[in-house]
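Below is one structure, written out as structure tokens; the observations come after it.
The values are calculated or read from the model by the stated rules, or taken from the named source; none is laboratory data. Just so it is clear, the structure is predicted and the values come from calculations on it, not from any experiment. Glycine also receives a Cβ, built like all others from the backbone with ideal geometry; neighbour counts cover every protein chain displayed. Just so you know, the surface numbers come from the protein's heavy atoms only, side chains and all, with ligands and any DNA or RNA stripped out. Shrake-Rupley method; radii C 1.70, N 1.55, O 1.52, S 1.80 Å.
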Amino acid sequence: MPTSTVNNYATSAMRLSTDRVRELVRGTILERIGDTPLVPLRRFGAGLRGELWAKVEAANPGGSVKDRAALWMVLAAEEAGTLPDPFRAMLDATSGNTGVALAMVGAVRGHAVTLCLPDRVSIERKRVAMAFGARVVLTDPLEGTDGAIREAQRLATTQPDRFVYLDQYSNAANAAAHARTTAPEVWTQTRGELTHFVAGVGTGGTIVGSSRFLRRKGVRIVAVQPDQAFHGLDGLKHMASAIRPPIWDESAADEHATVSTDEAHGLIRRLAREEGLLVGPSSGAALAVGLRIAAREESMVVVLLPDGGERYLSTPLWE
Ligand code: PMP
């Protein structure tokens, strides 16, 4: 892996400010990334000791939380002078949402995009990424995102003249996006009253970045993983059995919890009916843990819901 490139991104990610990001995206759809709604789940969370609030990331223009990470990774590469590059496409491995987000950001900023996707991501995500002009390389579905990561590493190593490997799993700008946007937003939106922040772990960017900002404020950070290696919680990783993302750091969370696919699926069906929010399976996993905390103690729990349910309508979940 081209480590020096990643370190360059790290330096530019640290230098990138929210003001600079705002300036770079002004007058484009990318201006609408972030500042997503925070809504109270009054019916869903009725009768609990604590309050349950949802950060609705489907409201981002690319439809998921990964718009934030994609935007910051691309702009950090631009600030480092790595992009634009007329001869190289930006490359990453993704379970789908980062692919859609990079494809959208690439379309606006004028960068070609190549994505390695396991050949089991929902057809919607594949088609949306392609609609934004991305080239898609499908990898062995049985190997999941780890197979996609291995293919992206192979392409980046064997054809460095063709690809700029963003590598969301190692890229400091991924976590920085959450430290500088997601976390300050929930702090402001709750007027500093939140006690727990709950989110799933894929790359670890959301938890590690948000923790950097919220821990100093005394907020407890809760990380959610699937309860087994083979699961239906798209976007989440079972860390014990997966390739460990270099940016992931267990110590960023105060609590670690696991959720079964069945429990998560049951909760997203309930959420749609009780709150009018149609979300993806990883949101169900975060909700399950949010419910446990709010049932257990007086609290103000913010649960991050990474994407919307439309992206999964073709899967057996909604049959
Ligand atoms: N849920 C979904 C649906 C996702 O696409 C992702 C990103 N892989 C996550 C959760 C986890 O987010 P992060 O990569 O920031 O850990």
Quiz item: Rounded to a whole number, what % of the accessible area of the chain do carbon and sulfur atoms account for, probe 1.4 Å?
Solution: 49
Quiz item: Taking N as the number of residues in segment 1-148, what is its alpha-carbon radius of gyration divided by 2.2 N^0.38 Å?
Solution: 1.17
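Whole number in Å², please: accessible area per residue of segment 46-87, 1.4 Å probe, ligands, DNA and RNA not counted.
Details: 1430 Å² over 42 residues.
Result: 34 Å² of accessible area for each residue.
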Quiz item: If you plug each phi of segment 180-185 into the Karplus form 6.51 cos²θ - 1.76 cosθ + 1.60 with θ = phi - 60°, what whole-Hz ³J(HN,Hα) values come out, in order, with x for Gly and Pro?
Solution: 9, 10, 3, 5, x, 4
Quiz prompt | Ellipsoid semi-axes in whole angstrom, largest first, where each is sqrt(5λ) of the Cα gyration tensor of segment 172-250 | solution = 24, 13, 10
Practice problem: State, to one decimal in nm, how far the label point of Ala229 lies from the label point of Arg296, with both points 7 Å from Cα in the Cβ direction. | Solution: 2.8
Quiz item: Between Thr114 and residues 5 or more places away or on another chain, which pairs have amide H atoms under 5 Å apart, with H built 1.01 Å from N, and which residues are they?
Solution: Met90, Leu91, Asp92, Arg135
Quiz item: Using Cα pairs under 8 angstrom and six or more residues apart, how large is the relative contact order of the chain, in percent?
Solution: 21
Exercise. Sort largest first and round to whole Å: the equivalent ellipsoid semi-axes of segment 262-319, each the square root of five times a Cα gyration tensor eigenvalue.
Key: 22, 10, 9
Quiz item: Sorted from largest down, what three extents in whole angstroms do the Cα atoms of segment 116-155 have along their principal axes?
Solution: 25, 20, 9
Quiz item: So how far, in whole Å, is the C-alpha centre of segment 225-281 from the one of segment 110-159?
Solution: 22
Quiz item: What length, rounded to one decimal in nm, is gained on full extension from Arg127 through to Thr28, with 0.36 nm per residue of separation minus their alpha-carbon distance?
Solution: 33.4 nm
Quiz item: Using mean Cβ contacts within 10 Å as the protection proxy, how do 265-271, 155-161, 310-316 order, highest first?
Solution: 265-271, 310-316, 155-161
Quiz item: Classify segment 210-319: rounded, prolate or oblate, from the alpha-carbon gyration tensor (a ≥ b ≥ c, eigenvalue square roots; a/c under 1.5 rounded; otherwise prolate if a/b is larger than b/c)?
Solution: oblate
Exercise. Quick one: pull the percentage of alpha-carbon pairs in segment 82-219 with a separation above 26 Å.
Key: 31
Quiz item: Label points 7 Å out from Cα along the Cβ direction at Asp262 and Asp19: separation in nm?
Solution: 5.5
Practice problem: Give the Debye-formula value of log10 I(q)/I(0) at each listed q (0.26 Å⁻¹), with one equal scatterer per alpha carbon of segment 240-290, two decimals each. | Solution: -0.96
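Please give the per residue accessible area of segment 251-309, computed with a probe of 1.4 Å over protein heavy atoms only, in Å².
34
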Practice problem: Please check which bits of segment 12-44 a label hung off Glu78 would reach, taking the label as a point 7 Å along Cα-to-C-beta and the cut-off as backbone N under 19 Å. | Solution: 12-35
Quiz item: Long-range amide H contacts for Val279: which residues qualify at under 5 Å (H placed 1.01 Å from N, peptide plane, sequence gap of 5 or more or a different chain)?
Solution: Gly309
Self-check item: the chain: mean projected area of Cα convex hull, nm²
Solution: 14.7
Exercise. Could you check the simple spin-label distance between Arg216 and Asp35, using points 7 Å along Cα→Cβ, in nm with one decimal?
Key: 2.3
Quiz prompt | Projected-area mean, segment 84-159, by convex hull of Cα positions, square nanometres | solution = 4.5
